[in-house]
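Quick notes on the structure that follows.
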Amino acid sequence: MEQRIDGKAIAEEVMVEVKSLSARLISDTGVVPGLAVVIIGEDPASQVYVASKGKRARECGFHSVQHTLSDDTNQQALLAIIDDLNNDPAIHGILVQLPLPSHIDEGKVIQAINPDKDVDGFHYINVGKLTSGELGTAFVPCTPAGSMILLQRTLGRDLSGLNAVVVGRSNIVGKPVASLLLAANCTVTIAHSRTKNLDEVCRTADILVAAVGRPKLIKGDWIKPGATIIDVGVNRIPAPERGEGKTRLVGDVDYDEAVERAAHITPVPGGVGPMTIALLMANTLSAAYRSAGLEAPKL
Ligand code: NDP
């Protein structure tokens, strides 16, 4: 049995579905899904993410818009752009690339986005819908939604009764992934930096989701034999074996150890990462379907 969950391949499957559903929406209704990405500043990593979001959007046949603002853009100017995008009928999804410069109140900016266009799923309305189980109309943050697709395409749609442990409780990953697992009828434990005996807690997991940001925190003997592991962590560590000053990416789980016990495990890179952009496209597609008065397609 293939143990490695191929996030790249599954993300491509999602992209194929999104492209075909986008083409169907355009031919049936004339509505072209529109995604606007707003970025402030010159951070090279953020520039790369934003460029690939635009490229993926165009591949899906979407109308794609990018607003690149200088580092010294003030909050009022940013809010004015969001207001324009909220009122632009050609735009169905708005994404503000985080983090924002420190002179801008990130919370205020996120809450200014029309919840019906909040494809990142960070607006309180969408957070509330997710925790209330209103999944039919919520926007779910992309990384947690992508993690669930990896689980369901590996284990099947019915995760009922499985013990799920989520390590990490951030608003971006840990909490929403825990809400999704609960909605999928798992028995969910959320662990964090104050959790006692984390190794023992992890050993109870049929499904273990690691979203911590600590390289190889989770060891092989913390894994229940036969567990499924979703490693969200992305950590850059020195890799002197590749040459002086070189680095490589690793997850929060010690992959080489964990693979000895897990039934299924996502690699880093190539696991959860590719799903995040695919789910951004899926969320934009859902926003466009809903704007046309149609139910969002289920992936
Ligand atoms: P945060 O830093 O916001 O949250 C980290 C969480 O881990 C916190 O809840 C913290 O606990 C917990 N934690 C920290 N140290 C420990 C420890 N020693 N034991 C147990 N729990 C601990 O991170 P994010 O959720 O934003 O991101 C997590 C990881 O996922 C990062 O590596 C990030 O790069 C990656 N990521 C990957 C994405 C992708 O697309 N693949 C997208 C988003 C994130 P406490 O709350 O008590 O402080």
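Going out from 0 in 5 Å bins, what whole percent of all Cα-Cα distances in region 67-199 drops into each bin?
Per 5 Å bin, starting at 0, the Cα pair percentages come out as 2, 9, 17, 19, 16, 13, 10, 7, 5, 2, 0.
Largest first, how would Thr68, Thr131 line up by accessible area (1.4 Å probe)?
Descending order: Thr131, Thr68.
Over the chain, with a Gaussian network built from C-alpha contacts below 10 Å, which listed residue (Pro238, Pro33, Pro176) shows the highest mean-square fluctuation?
Highest fluctuation among the options: Pro238.
Taking a quarter of the surface of the Cα convex hull of region 39-108, what do you get in nm²?
Its Cα hull, projected and averaged over all orientations, spans 4.7 nm².
In a Debye calculation with equal point scatterers on the alpha-carbon sites of the chain and no solvent, what is log10 I(q)/I(0) at q = 0.07, 0.14 Å⁻¹?
The calculated log intensity ratios at q = 0.07, 0.14 Å⁻¹ are -0.27, -1.07.
Using only the Cα atoms of region 1-61, what semi-axes does the equivalent ellipsoid have when each is the square root of 5 times a gyration tensor eigenvalue? Give whole Å, largest first.
Square roots of five times the eigenvalues give 24, 23, 6 Å.
Between Asp28 and Thr187, what is the label-to-label distance in nm when each label sits 7 Å out along the Cα-to-Cβ direction?
Result for the modelled spin labels: 4.1 nm.
Which angle between 0 and 90 degrees, to the nearest 10, do you get for helix 75-86 versus the longest principal axis of the chain when only C-alpha atoms count?
The answer is roughly 80 degrees.
Roughly how many percent of the accessible protein surface of region 28-113 is carbon and sulfur, given a 1.4 Å probe and a whole-percent answer?
Its accessible area is 52 percent carbon and sulfur atoms.
Which values of log₁₀ I(q)/I(0), to two decimal places, follow from the Debye formula for region 68-137 at q = 0.12, 0.15, 0.19 Å⁻¹ with a uniform point scatterer at every Cα?
Those come out to -0.33, -0.51, -0.77, one per q.
Once every DSSP H run of n ≥ 4 in the chain is given -39500 (n - 2.57) and the sum is divided by its residues, what mean residue ellipticity at 222 nm do you get, rounded to the nearest 500 deg cm²/dmol?
-12500 deg cm²/dmol
For q values of 0.12, 0.17, 0.24 Å⁻¹, compute log₁₀ I(q)/I(0) with the Debye formula on a Cα-only model of region 194-283, without solvent.
With one equal scatterer per Cα and no solvent, log10 I(q)/I(0) is -0.40, -0.74, -1.14.
What percentage of the solvent-accessible surface of region 142-274, computed with a 1.4 Å probe over protein heavy atoms, is contributed by carbon and sulfur atoms?
Ligands and nucleic acids excluded, carbon and sulfur reach 50 percent.
Counting only heavy atoms of protein chains, what accessible area per residue, in Å², does region 1-128 have with a probe of 1.4 Å?
With the other protein chains kept in place, region 1-128 gives 50 Å² per residue.
Looking at the chain, how many pairs of lysines come closer than 15 Å at the Cα, when each pair is eight or more places apart or spans two chains?
Step by step, the pairs that qualify in the chain add up to 5.
Based on the Kirkwood radius over alpha-carbon pairs, what value in µm²/s does the Stokes-Einstein equation return for the translational diffusion coefficient of region 208-249 at 10 °C and 1.306 mPa s?
Result for D is 134 µm²/s.
Could you report region 233-299's accessible area per residue, 1.4 Å probe, as an integer in Å²?
Using a 1.4 Å probe on heavy atoms only, each residue of region 233-299 averages 47 Å².
Using only Cα atoms, tell me the angle between helix 44-59 and the longest principal axis of the chain; keep it within 0 to 90° and round to the nearest 10.
Roughly 70 degrees between the two axes.
May I ask for the angle, rounded to the nearest 10°, between helix 273-291 and the longest principal axis of the chain, with both axes built from Cα atoms and the value confined to 0 to 90°?
Tilt relative to the chain: about 40 degrees.
The values are calculated or read from the model by the stated rules, or taken from the named source; none is laboratory data. Everything quoted here is computed from the prediction, not taken from an experiment. Because the Cβ atoms are built from the backbone with ideal geometry, glycine has one as well, and the counts that use them run over all protein chains shown. Side chains are part of the model used for accessible areas, which takes the heavy atoms of the whole protein and leaves out ligands, DNA and RNA. Shrake-Rupley method; radii C 1.70, N 1.55, O 1.52, S 1.80 Å.
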